[in-house]
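Written out below as structure tokens is the structure these notes cover.
What follows is calculated from the coordinates using simple rules that are stated; it is not laboratory data. Just so you know, these numbers come straight off a predicted model, no measurement behind them. No Cβ is skipped: glycine too gets one built from the backbone with ideal geometry, and neighbour counts run over all protein chains shown.
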Amino acid sequence: MQSDEQKESVLGEEKTVKIRLENISKIFGVAKTKLVVFQDINAEIFKQEFVSVIGPSGGGKSTLLFIMAGLLPTTEGRVLIDGKEVTEPGRDRGLVFQQDSIFPWRSVIENVEYGLELRSVSQKERREVAMNYLKLVNLEKFANFWPKELSGGMKKRVALAMVWANQPDVLLMDEPFGSLDYPTKVDLQNKLLEMWGRDKKTTVFVTHDIEEAVFLSDRIFVLTDGNIRHTLKVPFGRPRTDDLRTDKEFQEIRRQLWGYTARG
Amino acid sequence: MFQFRMLLSQVKSAIIGIAVIIAFWEGAAYYLKGMTPYAHIILPTIEQCLTEAIPGMAPFFWGGQGGLFQGQAGANLYLIGLLALAQNSAITVLRIISGLVWGAIVGIGTGIMMGMNDKVRKFLEPPIELIRTIPLLTLIPLFMYWFGISEIGRFLYIVYGVAVVLVINTINAIDNVPPVYKQFSLTMGASRGQVFRTVVLPAIVPGLAGGLKFALALSWALTLAAEYLNALSGLGRIVILSEIHLFTDRMIVVVVLLIIYSLVLYAAFMRFYRFVTRWMPS
């Protein structure tokens, strides 16, 4: 099983598998309290692909993402990244959390420097690198602020800069914009696509927001009833702009996904 | 400017508060004087505290135990009285601070070891949970029995009391670190040791500082209690000996000093506290 070399033909394009989910099951508890979150999930995510996972809450979207991050073990099956099994969290898989996860005891710039600090990059160099990433999210004026002095959307941007500055191989995002108001969310989605477009890191994005999923993704997995029941390819090219959100076909896809996820 | 005005209003209300207390005190003292010949014992006037009580401290100078002044005849008793107060104050404050500092080192150190290592925790938690329920004051006779009336006994007693409180406080602080910070740190590539150093340690500082605030008050109480029962020096010793000899004015002088010291120590601590919690959302 050497996925590095393995190419798959999808809609006529040659693509390399980056993440492979092999027969993944997650079961919490035992016997009477047993809760099957999902069972026998098999899926492939290609290099440079942006995949969203949508589905009802409690359906295991975040659990699946945490398993990919190595923060949770599987009950059965395994996650392979570049053919290598995931056993623990690591720098190659950056995770943007749903809650505020930036460190409140560090200033904004110190937060962005964090990953570099872990690798003992010199003070001068890491400040320089961190400042560049802060500029990327338009927060350079807030470098010396405490996180408590920022709005929710700004904290999310710091988290993006922090993860980006750490240069992971794969990006995992757990409903990162779930708690934000609509305009802030749209703003951050555009910012995310802009940042993502620079080097197109393989991304798995968990969300319950269908519009968000369609706007951002190349493919969408619908996780319901304990498995990925539908996979949908988003036909729009890139770069994408806000005009797309009101496009007729865009609405059509939203409706289709709505049908998949709505509780019957 | 705004801060200055706030300070001014604080000073003003403090002055008003002190003035009210003094007025009631003097009023009551003079009222008692007209009623009973024992007024100078029940509630001495402020003048009495300043003129009689302070020279009365002279016999406590340099390890003296009250009673009659044993020094040179004709010595300036007022000055020696002040020196005696200063000397005993220094002894008491030093006991409080050294007890707090060493208690914090032992307590927080043990708490961190327990919080980081499950084996250590499983081994130490049951006995600590048990001994923390023993009221601290009941242990004074035991420490007296073990160590006699000695500095080391008092020191260990205060360290013990402070440490027990801070061990529990430290474990709670470690347990309360939100898991998302540790998870984030791990996905950024941190090792276990780095998670501890860059996440757990900074995250528990406000919790520890809160525990220290309580431990400071506790160190005061334990020091005074130890001095009442088990010391030959210090302000607590002066209070007890003055009480035995019905020198209420001397007791009042010491109590006023204790209030001042405790306010000063508390204010200094709060500066430290505000500094280490400056990043916390209010």
Exercise. What trypsin sites (Lys or Arg not before Pro) does the stretch A:82-182 have in DSSP loop regions with at most 14 other beta carbons within 10 Å?
Worked result: A:119
Seminar exercise, completed: Mean Cβ-within-10 Å packing, highest first, puts peptides B:181-193, B:114-126, A:27-39 in the order B:181-193, B:114-126, A:27-39
Seminar exercise, completed: For chain B the mean separation of alpha carbon contacts under 8 Å (6+ apart) over residue count, i.e. relative contact order in percent, is 23 percent
Seminar exercise, completed: Links exceeding 22 Å between C-alpha atoms in this model, out of A:148/B:182; A:84/B:182; A:18/A:61; A:61/A:148; A:148/A:201; A:135/A:191, come to A:84/B:182; A:61/A:148; A:148/A:201
Problem set entry | Modelled FRET efficiency - R0 45 Å, residue B:13 with residue A:135, Cβ distances, 0.05 increments | 0.35
Exercise. By per-residue mean of other Cβ atoms within 10 Å, what is the highest-first order of B:271-277, B:169-175?
Worked result: B:169-175, B:271-277
Problem set entry | Binned Cα-Cα distances of the stretch A:99-167, short to long, each 10 Å bin given as a whole percent | 25, 61, 15, 0
For this session: Provide the gained length on full extension for the span residue B:259 to residue B:120, in nm with one decimal, where the gain is 0.36 nm per separating residue minus the Cα-Cα distance.
Result: 46.0 nm
For this session: Determine the sum of side-chain charges near residue B:191: Lys and Arg each +1, Asp and Glu each -1, restricted to other residues whose C-beta is under 14 angstrom from that of residue B:191.
Result: +3
Problem set entry | Relative contact order of chain A, pairs being alpha-carbon contacts under 8 Å that are 6 or more residues apart, as % | 23 percent
Problem set entry | chain B - mean residue ellipticity at 222 nm from DSSP helices (-39,500 (n - 2.57) per run, n ≥ 4, rounded to 500) | -24500 deg cm²/dmol
Problem set entry | Share antiparallel - DSSP beta bridges, the protein assembly as shown, percent rounded to 5 | 60 percent
Seminar exercise, completed: Pseudo-spin-label distance residue B:25 to residue B:72, built 7 Å along Cα→Cβ, given in nm, is 3.3 nm
Exercise. Just the projected area, averaged over all directions, of the convex hull on the alpha carbon atoms of the stretch B:131-282: how many nm²?
Worked result: 11.8 nm²
Exercise. Per 5 Å bin, what is the whole-percent P(r) computed from every C-alpha pair distance within the stretch B:7-130?
Worked result: 2, 9, 10, 10, 9, 12, 11, 9, 7, 8, 7, 5, 2, 0, 0
Exercise. If one computes P(r) from the Cα atoms of the stretch B:214-282, what percent of pairs lie at distances over 21 Å?
Worked result: 38 percent
Problem set entry | Within 10 Å of each Cβ in B:187-197, the average number of Cβ atoms from other chains | 6
For this session: Could you tell me the largest-minus-smallest coordinate of the C-alpha atoms of the protein assembly as shown on each of the three principal axes, in descending order and whole angstroms?
Result: 112, 55, 51
Seminar exercise, completed: In whole percent, the Cα-Cα distances of chain A spread across 5 Å bins from 0 upward as 1, 6, 12, 16, 18, 17, 13, 9, 5, 2, 0, 0
Exercise. Is the stretch A:49-160 rounded, prolate or oblate when judged by the Cα gyration tensor, a ≥ b ≥ c being the square roots of its eigenvalues, rounded requiring a/c under 1.5 and prolate requiring a/b larger than b/c?
Worked result: prolate
Problem set entry | Percent of Cα pairs exceeding the 31 Å cut-off, where the set is chain B | 45 percent
